[in-house]
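Just below is one structure, and these are the notes that go with it.
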Amino acid sequence: MASVTYDHVTKQFGNVTAVNDLNLEIKDKEFLVLVGPSGCGKSTALRLLAGLEEITSGNIYIGEHLVNDVPPKDRDIAMVFQSYALYPHMNVYDNMAFGLRLRKTAKPEIDRRVKEAAEILGISPLLDRKPRQLSGGQRQRVALGRAIVREPKVFLMDEPLSNLDAKLRVQTRAELSKLHQRLETTFIYVTHDQTEAMTMGTRIAVLKDGLLQQLDTPQNLYDHPLNIFVAGFIGSPAMNFFPARLLGEDSQVYLQADSFRLKVPAERAGKLVNYRGQEMIFGIRPEDIHDRALASSVSQDAVVKAQVEVTELMGSEVFLYLSTGKQNFTARVEPRTSARPGKPVELVFNMERMHLFDPNTEERID
């Protein structure tokens, strides 16, 4: 097994910088997820590690070995793509064995590895079938099996679940997590889906425009985002943002927005003394906004009046799409809510869970 290190890695395509001075250390046996919107450089970073793209500057190490000039076939990695890339004329067994045969692996060893991988993935009954006889989920398992039989130091996965339907994606997500625990190998997984990132990753690296924004555990990314981009990207529905001004004296500190005023908790007010009178961005997640009618205890300093625009019943919860003044925002409330489109509603903001950002740098203040 092996760790992976990106040391000041940059990749340029002409005048476009796809990966910009990436410094990233991936621990041995870790499940690291590279996440970000389309065009952020996550797939390029993976392809640089695989040797499918040349590095413009910087170094990549697998374990202690510099691999900048090592051919892809000698890097001891295995890659699973969004496309299954199976040979249609070969059955499942031959698709999984093909790479080992190219490396002139002994037949008994090939047979052992293929059958063991098939058992792990639950596709043993499918070894004689052709790809056209398989469902999408089964084809994805075969593609994973082809990587597993290589017994590589590092698994690279580039959006492998994108072609699956929603239910199968959830199921395969769990299977991949179990597979990582069973194989105890380093996994590097690329996705634009933050739900996949949050549920699967040991740590998550968030990228934007080729730059690493934050590297942390899923819970720390959610609770302590370093900037507005990470705060808005991690979490579904996304965090709400309101322009506001910090007002007050001593421990009585308030956030004055366009159409509401909220009291900052005393334990956090002391840290914001130097910011009083300044403009900032107030952030709060939809799940930290509650229907006042259902709240057990209410502080009048945390109440916001809003108009319900749209409701989405999700079964165990309701998404409320709301407006107050010129601002639109979202709340995630209990299904017992009586809020209805076109009606006013009073909401309680959990200010213990508030986030504040500098409107100029977009970095977190508190």
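The values are calculated or read from the model by the stated rules, or taken from the named source; none is laboratory data. Given the structure is predicted, the values throughout are model-derived calculations rather than measurements. Don't worry about glycine lacking a Cβ; one is built from the backbone with ideal geometry, like all the others, and counts go over all protein chains shown.
Within segment 61-101, which residues are of a type in the set (Phe, Trp, Tyr) and without any contact (Cβ under 8 Å) to a residue 12 or more places away in the chain?
Residues satisfying the conditions do not exist here.
Considering each of Asn68, Asn20 in turn, give the residue that is of a type outside the set (Ser, Thr, Tyr) and touching a Leu at 6+ places or on another chain (Cβ under 6 Å). Let's see the steps before the verdict.
On the way: Asn68 fails: touching a Leu at 6+ places or on another chain (Cβ under 6 Å).
Checking each option against the conditions leaves just Asn20.
Counting just the residues of segment 199-233 that are under 23 Å from Thr330 (Cα atoms) and in a loop (DSSP other than H, G, I, E, B), which one comes out nearest to the chain's Cα centre (by Cα)?
It comes out as Pro225.
Scan segment 205-256 for residues that are in contact with a Pro (Cβ under 7 Å, 6 or more places away or on another chain), of a type in the set (A, V, I, L, M, F, W, C) and over 22 Å from Ala45 (Cβ atoms) and jot them down.
Ala231
Between Ala266, Ala331, Ala293, which is surrounded by 15 or more Cβ atoms within 10 Å (Cβ to Cβ), at pLDDT below 95 and in contact with a strand residue (DSSP E or B) (Cβ under 9 Å, 6 or more places away or on another chain)?
Exactly one residue qualifies, and that residue is Ala293.
Check segment 272-286 and report whether any residue there is of a type in the set (Ser, Thr, Tyr) and farther than 30 Å from Ile188 by Cα.
yes
Looking at the structure I just gave you, is Glu317 in contact (Cβ under 8 Å) with a residue 60 or more places away in the chain and within 19 Å of Arg292 (Cα to Cα)? Show your work before the answer.
Working: in contact (Cβ under 8 Å) with a residue 60 or more places away in the chain: no; within 19 Å of Arg292 (Cα to Cα): yes.
When the stated conditions are applied, Glu317 does not pass them.
Does segment 326-349 contain any residue that is in contact (Cβ under 8 Å) with a residue 12 or more places away in the chain, within 18 Å of Leu272 (Cα to Cα), part of a strand (DSSP E or B) and aliphatic (A, V, I, L, M)?
No, the conditions are met nowhere in segment 326-349.
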